[in-house]
Amino acid sequence: MSQPVQPSLFEDPPLWNKDDEKKFEEDIYEEIVKYLSTPSQPSASEVLKYLENIFNWKVRHFIIPIIQRLREDKNLQGNIRKYLTITLSDEELKEALGGGIKPQKEYRNIFEELMRQSIQFRKSSTFREMVEFVAKFKDYSPYNNMLVRVQNPSCSFYATASDWRKKFDRMIKEDAHPMLILAPMSPVMLVYDLDSTEGPPLPKKLEQFAKTEGIFNQKTLEYTLKNAERDKINVQFKNLSSTNAGFATTRLQDKKYKMRIVIHDRLDDMSQ
């Protein structure tokens, strides 16, 4: 004689039919519209928490398709639909469902510190260098480029996780550290530099952008470094972004030098 099948803890109750499910979806839909009609600009994790407090854990099974429907709702204001696409992207929702998003309060604290640093940065001797850095990135606002510069001075390319995936077929590494910038309809948005991604081989012009070929005498580099020291130029070798060969600056901590040159320490001797 067969034993009765015990229902799973994660299965819907027997009375949960199609009409109930449709009504449940519509209630969630209306609640999201009401929530987003307020001045609040919640993150994906905050929206999920808000809905769970109202509808319990089952809302997790419906939130992504409902948000996708909302993005197509022509009756919603354009700024709300843009917010649903950027801040509440499928990727952000999936991270929220997996518990991978840090509390928004923590991001706000970090961002406040970045704001403070950026104000100081404008008053520093490196302002010209920052202007040159800002000019390289056309897809983001000048202020966002400055924020990236403050966080990662050697950054050569950056984009959101979704842009890296859609435009370049590259995924974010598991332990990658994001950078914070301002976002439409939300306090912050996460972006990543090229070294935080993995995927298909990069074009040769990126992988070998600083590669030098030809006849080379090892003594040339040694003599150049000695001459630089004699002329009070501090030459340093550091781990920079993979597409940043180095830079020169008059921003100095050691006042005995008149200039500082930083060179990518992974370049071969000839390229250095």
Under Karplus coefficients 6.51, -1.76 and 1.60, residue-wise ³J(HN,Hα) of segment 231-240 in Hz, glycine/proline x: 8, 6, 10, 8, 9, 10, 10, 9, 7, 9
Quick one: how many Å² of Glu198 are accessible to a 1.4 Å probe, rounded to 10? 100
What's the FRET efficiency of Lys258 with Lys226 using the Cβ-Cβ distance as r and R₀ = 22 Å, to the nearest 0.05? 0.85
Rounded to the nearest whole number, the per residue volume of the convex hull around the C-alpha atoms of segment 157-254 in Å³ is 162
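What is the gain in length, in nm to one decimal, between Tyr50 and Met270 on full extension, counting 0.36 nm per residue of separation less the C-alpha to C-alpha distance?
My answer for the length gained is 73.4 nm.
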Set of segment 134-172 residues, backbone N closer than 19 Å to the point 7 Å along the Cα-Cβ line of Leu182: 134-152, 159-160
Modelling each spin label as a point 7 Å along the Cα-to-Cβ direction, I'd like the Ile66/Glu25 distance in nm, to one decimal. 1.1
Summed residue charge, Cβ within 10 Å of Ala161's Cβ, Lys/Arg positive, Asp/Glu negative: -1
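Calculate, for Val33 and Glu198, the FRET efficiency according to 1/(1 + (r/R0)^6) with r their C-beta to C-beta distance and R0 30 Å; round to the nearest 0.05. Before the final figure, lay out the partial values.
Working: r = 38 Å, r/R0 = 1.28.
Efficiency at R0 = 30 Å is approximately 0.20.
The values are calculated or read from the model by the stated rules, or taken from the named source; none is laboratory data. Values in this document were obtained by computation on a predicted structure and should not be read as measured data. Glycine also receives a Cβ, built like all others from the backbone with ideal geometry; neighbour counts cover every protein chain displayed. Surface areas here come from the heavy atoms of the whole protein model, side chains and all, with no ligands, DNA or RNA. Shrake-Rupley method; radii C 1.70, N 1.55, O 1.52, S 1.80 Å.
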